[in-house]
Every structure is written in C-alpha cells, then in structure tokens.
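Novice: The structure is given below, and queries will be raised subsequently.
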Amino acid sequence: MDIFTHEWLQRNDAPNLYLTSTKKGSLKTIILVPGIGWHAGFYVQLMNRLEEEGYRVIAVDLRGHGRSEGQRGQHLYEELIEDVKDVVEYVVRNYEGDVYLFGTSFGASIAYYAAINTPHIKGLILNNAWDLNNLPSTINKKRIFTMLNKHSENPNRLIALPIIMGAKMSWSLFDNKLRFLGLLKDKLWHRKWSVQSWKSFLQYKADPSSIQNFNLPTLVLTGDQDGMLPLEYTQSVFHDLATSNKELKIIKNAGHMIMLEYLDESVPIVSKWVKSIESRKDVV
C-alpha cells in the first residue's frame, strides 16, 4: 500500500511534473526540492518524519528527473528554477495554509534562486547554501570549464557527474558508502547532463536587485564534516545572505547528506524553526 499520494502538475509550455505528497492534511505545506539527478523516492524517510511533525510535504521530481517529463540531462538551470516556481504557485492555489520551500544539496541552490523571485512563501529551508558565482575550492571550476569547452561543438553531449566533480568529491557525498553504492541500483536516478546544461548551472546569474532585496526567513543546515561544501564556505555564504531573518544550524560529525543520514538530528531542527516562524506570525 502506497503511503503517499501522487499527482501531475500539468503545464502547457513545459514538461509536466510528477508530485509526491504525504497523505495527512496540515495547514502548513513544505515543498521539497531534491538534489541533482534525484527524485522524491530518495526522501521517503524524511517526508515521513516531517509528516509526523505535523506538516504536509510535497516533493517534486524536476523536469528530466524521476517520473517527470522532460529529456534526461538536457535541461537548463533556469528551467529548473521555473519548475520550482510553478510548483509553489500550484500549491498556493490548491492547498490552504502557509507554504515553506525546502531544498536539499543542489536542490538548495535551485530553491534559493526560485525563492528570491517567488511570492507567497513563508520561509526557506536550505540543506547547504550555495553561491554559484563563488563556488568552494572543492569544485575546480577552471578544470570543469576546460573539459566542457573541449566539447563546445557538441552541446548535447552528456557528461557524468563523477567526471565533472571528480571521483573523490562524488565519493564524499555519503558518510555511509553502502548507501551510495545502493543508489546505483535506482533506475530513476540519472547522473549525466549535457555540456550546455552543465554550463547553465555554473554560469547562472541571478538578478542582483532580487538578491539584495531578499528578506525571507531562512534556515540553513549543514554538517561540520561536509566534504562537498566545507563548513567555512557555508558559513561565508550564510553571512552574505541579504535577509536579516536567518539562522544557521550545524550538525556535528555529519557530512553532506544530513537529510538522509542524520534525520534524528536534522528533522527536529526544521520543525522547531518552522514553529518559531509561525509563532512570530501569530504575535504580529
């Protein structure tokens, strides 16, 4: 028996998106944006735990991801941002109550850039914080662009994530390496993107005025042993967030995938923060 409900977000000018939702109702909805190449199925335990905390959770398979429509690996970064904005508008139209946007890993960057131009969101939750214009030293942008430029005449050529990021960095995604190996069996997980897709990720430029005017309540969570986005980098990005209503929570002895491997530590933080935002609203 499926413990979730499933529906399609039908669109006329873009691929239709597959949504997975918890069944219990709530007056607070958390929209979950998965990491790169991932889909809602990776986050079953997270969604269950958030539902137990009293939230409706709606996870989106972005275009070209999971069960959603769209050609695998051929989507641009701007298009993924539009996907998230469309899901927000859909949830606001069809569900009562406040809406929070929650991005994990690469999905956190998409959620952030969607949030700076999306009304109706009451709060933003980021598992990791990214600045695409100032990536950490763990991501060798010069090496990546040298590789991509070699294939500039074939923009649709697919290049795998481990090749772009490097085997060492890819291996650092999980603290539990058996979990990483288990993902290789997931047929819905795609790991290759086109040259033009990778370039759109790395060259994205947000509207500076939108970033400067961003003042949404924001929670950033990270592990202090994150091998992909080092703690010092996340702290720097967090410091530069324009919003004055922000909070950084660090989970000790944890790596990158805290929303999969450290639910006992991360979920209570998310729930407590959302409740604090709700209580402030009630006071006002």
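Novice: Please enumerate the residues belonging to segment 8-36 that are part of a loop (DSSP other than H, G, I, E, B) and either closer than 20 Å to LEU126 by Cα or hydrophobic (A, V, I, L, M, F, W, C) (or both). Break it down stepwise before answering.
Specialist: Here is the first cut: in segment 8-36, the ones part of a loop (DSSP other than H, G, I, E, B) are 10-16, 23-27, 34-36.
Result: ALA14, LEU27, PRO34, GLY35, ILE36.
Novice: Can you tell me which residues in segment 1-26 are more than 15 Å from GLU79 (Cβ to Cβ), touching a helix residue (DSSP H, G or I) at 6+ places or on another chain (Cβ under 9 Å) and of a type in the set (A, V, I, L, M, F, W, C)?
Specialist: Scanning segment 1-26 gives ILE3, PHE4, LEU19.
Novice: I'd like to check something: does segment 93-107 contain any residue that is within 30 Å of LEU158 (Cα to Cα) and of a type in the set (D, E, K, R)?
Specialist: no
Table: residues versus (1) over 24 Å from TYR43 (Cα atoms); (2) surrounded by 19 or more Cβ atoms within 10 Å (Cβ to Cβ).
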residue: ASP240; (1), (2): yes, no
residue: LEU248; (1), (2): no, no
residue: LYS252; (1), (2): no, no
residue: GLY255; (1), (2): no, yes
residue: PRO268; (1), (2): no, no
residue: LYS275; (1), (2): no, no
residue: SER279; (1), (2): yes, no
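Residues are listed down the side, and each one gets a yes or a no for (1) surrounded by fewer than 23 Cβ atoms within 10 Å (Cβ to Cβ); (2) out of contact with any Ser or Thr (no Cβ under 7 Å at 6 or more places or on another chain):
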position	(1), (2)
TRP8	yes, yes
THR20	no, yes
ILE31	no, yes
TRP38	no, yes
GLU51	yes, no
GLY66	no, yes
GLN71	yes, yes
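Novice: Any residue in segment 199-215 that's within 20 Å of LEU76 (Cβ to Cβ): show its pairings with residues that are crowded, with 17+ Cβ neighbours inside 10 Å and among the hydroxyl-bearing types (Ser, Thr, Tyr) at Cβ separation under 6 Å, as long as the two are six or more apart or on different chains.
Specialist: Pairs that qualify, where the first residue is within 20 Å of LEU76 (Cβ to Cβ) and the partner is crowded, with 17+ Cβ neighbours inside 10 Å and among the hydroxyl-bearing types (Ser, Thr, Tyr), are SER200/TYR77; PHE201/TYR77; TYR204/TYR77; ALA206/TYR113.
Novice: Still on this structure, I have one more. Only one of (1) farther than 29 Å from GLN225 by Cα; (2) surrounded by 15 or more Cβ atoms within 10 Å (Cβ to Cβ) is not met by LYS199, so which one is it?
Specialist: (1)
Novice: Before we move on, is LYS187 of a type in the set (Lys, Arg), more than 24 Å from PRO136 (Cα to Cα) and outside any helix (DSSP H, G or I)?
Specialist: yes
Novice: Just give me the residues in segment 232-284 being without any contact (Cβ under 8 Å) to a residue 60 or more places away in the chain, more than 27 Å from LEU135 (Cα to Cα) and among the hydrophobic types (A, V, I, L, M, F, W, C), in sequence order.
Specialist: The answer is VAL283, VAL284.
Novice: Taking the stated definitions as given, is SER170 farther than 28 Å from GLU265 by Cα, of a type outside the set (Lys, Arg) and either in contact with a strand residue (DSSP E or B) (Cβ under 7 Å, 6 or more places away or on another chain) or in a helix (DSSP H, G or I) (or both)? Break it down into steps so the answer makes sense when it comes.
Specialist: Details: farther than 28 Å from GLU265 by Cα: no; of a type outside the set (Lys, Arg): yes; either in contact with a strand residue (DSSP E or B) (Cβ under 7 Å, 6 or more places away or on another chain) or in a helix (DSSP H, G or I) (or both): yes.
Criteria not met by SER170.
Novice: Exactly one of (1) closer than 22 Å to ARG63 by Cα; (2) not in a loop (DSSP other than H, G, I, E, B) is unmet by TYR204. Its number?
Specialist: (2)
Novice: Tell me whether segment 211-231 contains one or more residues that are over 21 Å from the mean Cα position of the chain (by Cα), outside any helix (DSSP H, G or I) and over 27 Å from GLU265 (Cα atoms).
Specialist: yes
Novice: Also, quick follow-up: For ASP83, are the conditions met, namely being closer than 29 Å to ALA254 by Cβ and in a helix (DSSP H, G or I)?
Specialist: Yes; evaluated as a whole, the condition is true for this residue.
Novice: Tell me yes or no: at least one residue of segment 38-51 is under 19 Å from ILE277 (Cβ atoms) and out of contact with any helix residue (DSSP H, G or I) (no Cβ under 6 Å at 6 or more places or on another chain).
Specialist: yes
Novice: Right, something else. Which of the residues that make up segment 94-110 are in a helix (DSSP H, G or I) and either more than 15 Å from GLU7 (Cα to Cα) or among the aliphatic types (A, V, I, L, M) (or both)?
Specialist: PHE106, GLY107, ALA108, SER109, ILE110
Novice: Taking only segment 37-69 into account, find how many residues are part of a strand (DSSP E or B) and over 30 Å from SER194 (Cα atoms).
Specialist: Residues meeting the conditions: 2.
Since every read-out is calculated from the coordinates, none of them should be taken as a lab result. Predicted model, so just to flag it, every value in this text is computed and none were measured. Here Cβ is always computed from backbone atoms with ideal geometry, including for glycine, and neighbour counts include all displayed protein chains.
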